[in-house]
1. Which ones in segment 220-229 are touching a Lys or Arg at 6+ places or on another chain (Cβ under 9 Å) and more than 14 Å from residue 166 (Cβ to Cβ)?
2. Within segment 174-208, count every residue that is in contact with a helix residue (DSSP H, G or I) (Cβ under 6 Å, 6 or more places away or on another chain) and either on the phi > 0 side of the Ramachandran plot or at pLDDT below 90 (or both).
3. State which residue is surrounded by the fewest Cβ atoms within 10 Å (Cβ to Cβ) when the search covers only segment 52-68 and only residues that are within 19 Å of the chain's Cα centre (by Cα), more than 19 Å from residue 26 (Cβ to Cβ) and more than 12 Å from the ligand (Cβ to nearest atom).
4. For segment 146-160, name all the residues that are in a helix (DSSP H, G or I) and in contact with a helix residue (DSSP H, G or I) (Cβ under 6 Å, 6 or more places away or on another chain).
5. When residues of segment 191-210 are filtered for being in a loop (DSSP other than H, G, I, E, B) and more than 9 Å from the ligand (Cβ to nearest atom), how many remain?
6. Report those helices (runs of 4 or more DSSP H) wholly inside segment 258-318 carrying at least 1 residues which are within 19 Å of the chain's Cα centre (by Cα) and farther than 21 Å from residue 58 by Cβ.
7. Tell me which residues, restricted to segment 245-282, are surrounded by fewer than 19 Cβ atoms within 10 Å (Cβ to Cβ), among the basic types (Lys, Arg) and closer than 21 Å to residue 191 by Cα.
8. Might you let me know whether segment 289-299 holds any residue that is at pLDDT 95 or above, in contact with a helix residue (DSSP H, G or I) (Cβ under 8 Å, 6 or more places away or on another chain) and within 19 Å of residue 97 (Cβ to Cβ)?
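The values are calculated or read from the model by the stated rules, or taken from the named source; none is laboratory data. All values reported here derive from a predicted model rather than from experimental measurement. When we count neighbours, we look across all protein chains shown, and the Cβ atoms used for this are built from the backbone with ideal geometry, even at glycine.
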Amino acid sequence: MSTNIKAGNIIQPYFVIGGKHRKEKIKSFPGQYRFSVDTLIDDIGTLKALGINKVLLFGIPDSKDKYGSAAYEKDNVVSLAVKRIKQRFPGVTVFSDICLCAYTDHGHCGVLKSARTQDTRDKTQESFIDNKATLEALAKMAVAHAEAGADYVAPSAMAKGQVRAIRKALDKNGYRETKIMGYSAKFASNFYWPFRNAAGSSPKFGDRSSYQLDYASAEAALREIQDDIEEGADIVMVKPALAYLDIIYRAKQKFGFPLAAYNVSGEYALLKNGLKDAGNKEKKGVLLEILAAINRAGADYIITYHAKEIAKWLTTKI
Ligand code: PBG
């Protein structure tokens, strides 16, 4: 059997931190690390040698505040990483995540309505996010990454109108060429725990159900995808992937638009742990079958932490 997935359609996510010579293990996230820019460059060198040339960057700042201001400050960790990657490997396509959750001290994806005035502990679920202030912050972050040389900015805060606001800010600042990958259908999923350990981004109160999608509803997901296309996205995304193959399929059938699927951290950890005692042949078989399913459902791009381990198999027949 063979697979239609090509190494060129695979995107490896990376967590970037400040400092030097750092490569930190992450709790419940086997085989993934937080890299400082220098060790990140080495790792991308390895990835590239395996034939994968697309990366998605998440920044983890040294300090967090209620506005998430480290996300767009000068020399923020992602901008530094993008610059170095583009100098060293101009052919690598860089996607940068645009969201505040790793930068805010409360762990939510946007600025809170109360952020200017009071503490935030007893907010109710209804619209505690200040959408306007969040859009302004996301736009600043996107412009900073575009200035550093990012090919795609990837808004994942699920703030209303985020793609339109970012497109407008990019154009206004002279970054018409910078593209947008919208995390269009992002579900309030239980599969994000290793990522939240990596980024220290668990919400300190409440959850994300007021801005991420209800996993029982397909219609809302399709509407979000349509909105992102209308707002100017170049690629739309469904996230997670494995429990959402129906959404991937429907999105592709309905819109015929470039589509990415995010095979998220919890999906990765389950497989990685489950395959610990399997032989190489079994591992290879299972991972390729799973990625083929995501591709068959309709994803053009697959964002996956399995990137390195599957790369060497993608060009050969099983
Ligand atoms: C939030 C964000 C999340 C992921 C990427 N960006 C999850 C969340 O905390 O809502 C998860 C990705 C993964 O689990 O691999 N902006």
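1. The answer is 221, 222, 224, 225, 226.
2. 1
3. Result: 53.
4. 146, 148
5. Counting residues in segment 191-210 that are in a loop (DSSP other than H, G, I, E, B) and more than 9 Å from the ligand (Cβ to nearest atom) gives 7.
6. The qualifying helices (runs of 4 or more DSSP H) are 280-297.
7. 276
8. yes
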